[in-house]
Amino acid sequence: MTKKIILDCDPGHDDAVAIMLAAASKEIELLGITCVGGNVGLDNTVNNALKVCTLIERTDLKVFSGAKKPIHYDLFTAEYVHGKTGLDIKGDPIEVSSSYKAQEQDAIDFIIETCKSSNDQIYLCPTGPLTNIALSLQKDPSIKKNIKEIIFMGGAAMCLGNTTPSAEFNIFVDPHAANIVLDSGIAMTMMGLDVTHQVNVNRQIMNYMEENNNKSSKFFSELMEFYTIFHKELYETEDTPLHDPCVIAYLLDPSIFSGKLVNVIVEEDSELTRGETVVDWLGVTNRKPNCFVMDKADDKKFFQLLKNKFATLP
Ligand code: BDR
Ligand code: CA
């Protein structure tokens, strides 16, 4: 059975790859792409989603604009990773088809309406700060029963953060939203840095993808050429974690990843550890498990899947 999903994102180079992977997959029905302020401001994340869908010739996909800023904090952005537009590349700027626009309906209302009107339960797939998802759950908690699972990219269970020593970017940006989502009682899977750092892009991977010899796989490399610049400097290796597509890869083939059901709470206010995902991996508290936290990924299987799916794109 096809899985009905809403991809909630802040594109972002790796979000762009997640959009392409979802769009390429027949096993997935991509009901909508909802955008949130994150890597860059909302206007840019929306425009970037439109750019990606134009490039893969899928202007039938609906793009929605959501929350401009986190629930309590000001928006903290990552132009230092993704460039000024959030989807910078070295070559010519990517165009948006002139007649292709974001939908009028707000992302939060779209999420609520879609969940309520669908006969099947929906998978929510956030790859940015969790603001849109949290606001939807707050506005209409009755949608919880219509959600099969939330699979989010964010957090760091047993490794360092990438935005502060203790926090991963998406959770750092809106820790209050993360706690609302984690507290919802909905089945939840966390694709944190623990696994995304096992799925790395380097020149070899770009060559491997380019063997597809199509526009989308070449675009993958163009995106990665820019995206890897920051990471090479930070991590002092040729390997760059490809975070966001892990969410979609998990939906397509859960056997790529493994982990454990544990309790996760997010630190909201501490100046030192804001956005830290406090993961009770060893079960040393009596806090109820609320999230399946992934800690292992099979990168070979992941990139085989990515390559095969990209082969079906223009
Ligand atoms: C996350 O932060 C963003 O920069 C990426 O798009 C990804 O969602 C990784 O920490
Ligand atoms: Ca993202």
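The values are calculated or read from the model by the stated rules, or taken from the named source; none is laboratory data. Computed from a prediction, not measured in an experiment: that's the story for all the values here. Heads up, the Cβs are rebuilt from the backbone with ideal geometry, glycines too, and the neighbour counts pull from every protein chain shown. Side chains included, ligands, DNA and RNA excluded: accessible areas come from the protein's heavy atoms. Shrake-Rupley method; radii C 1.70, N 1.55, O 1.52, S 1.80 Å.
Listed here are the residues, each with its yes/no results for (1) surrounded by fewer than 24 Cβ atoms within 10 Å (Cβ to Cβ); (2) of a type in the set (Gly, Ala, Ser); (3) part of a helix (DSSP H, G or I); (4) more than 9 Å from ligand 2 (Cβ to nearest atom).
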| position | (1), (2), (3), (4) |
| --- | --- |
| Met1 | yes, no, no, yes |
| Ile6 | no, no, no, yes |
| Val17 | no, no, yes, yes |
| Leu30 | yes, no, no, yes |
| Gly38 | no, yes, no, no |
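Run down Gly155, Gly185 and say which single residue is of a type outside the set (S, T, N, Q), within 16 Å of ligand 2 (Cβ to nearest atom) and under 17 Å from Pro289 (Cα atoms).
On the way: Gly185 fails: within 16 Å of ligand 2 (Cβ to nearest atom).
Result of the check over Gly155, Gly185: Gly155.
Give the number of residues within the range 179-222 that are out of contact with any Phe, Trp or Tyr (no Cβ under 8 Å at 6 or more places or on another chain), part of a helix (DSSP H, G or I) and either open to solvent by less than 10 Å² (accessible area, probe 1.4 Å) or in contact (Cβ under 8 Å) with a residue 24 or more places away in the chain (or both).
Within the range 179-222, residues that are out of contact with any Phe, Trp or Tyr (no Cβ under 8 Å at 6 or more places or on another chain), part of a helix (DSSP H, G or I) and either open to solvent by less than 10 Å² (accessible area, probe 1.4 Å) or in contact (Cβ under 8 Å) with a residue 24 or more places away in the chain (or both) number 11.
Yes/no per residue for (1) open to solvent by less than 10 Å² (accessible area, probe 1.4 Å); (2) in contact with a Ser or Thr (Cβ under 7 Å, 6 or more places away or on another chain); (3) closer than 29 Å to Lys218 by Cα:
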| residue | (1), (2), (3) |
| --- | --- |
| Ile108 | no, yes, no |
| Leu124 | yes, no, yes |
| Thr127 | yes, no, yes |
| Ile133 | yes, no, no |
| Met153 | yes, yes, yes |
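Could you grab the pairs with beta carbons closer than 6 Å, sequence gap of 6+ or different chains, first residue in the range 279-307 and aliphatic (A, V, I, L, M), second one part of a loop (DSSP other than H, G, I, E, B) and open to solvent by 70 Å² or more (accessible area, probe 1.4 Å)?
Partner pairs satisfying both residue conditions: none exist.
Identify, from the list Val52, Val81, Val17, Val40, the residue that is at pLDDT below 95 and within 14 Å of ligand 1 (Cβ to nearest atom). Full working, then the answer.
Values: Val52 fails: at pLDDT below 95; Val17 fails: at pLDDT below 95; Val40 fails: at pLDDT below 95.
Testing whether each residue is at pLDDT below 95 and within 14 Å of ligand 1 (Cβ to nearest atom) leaves just Val81.
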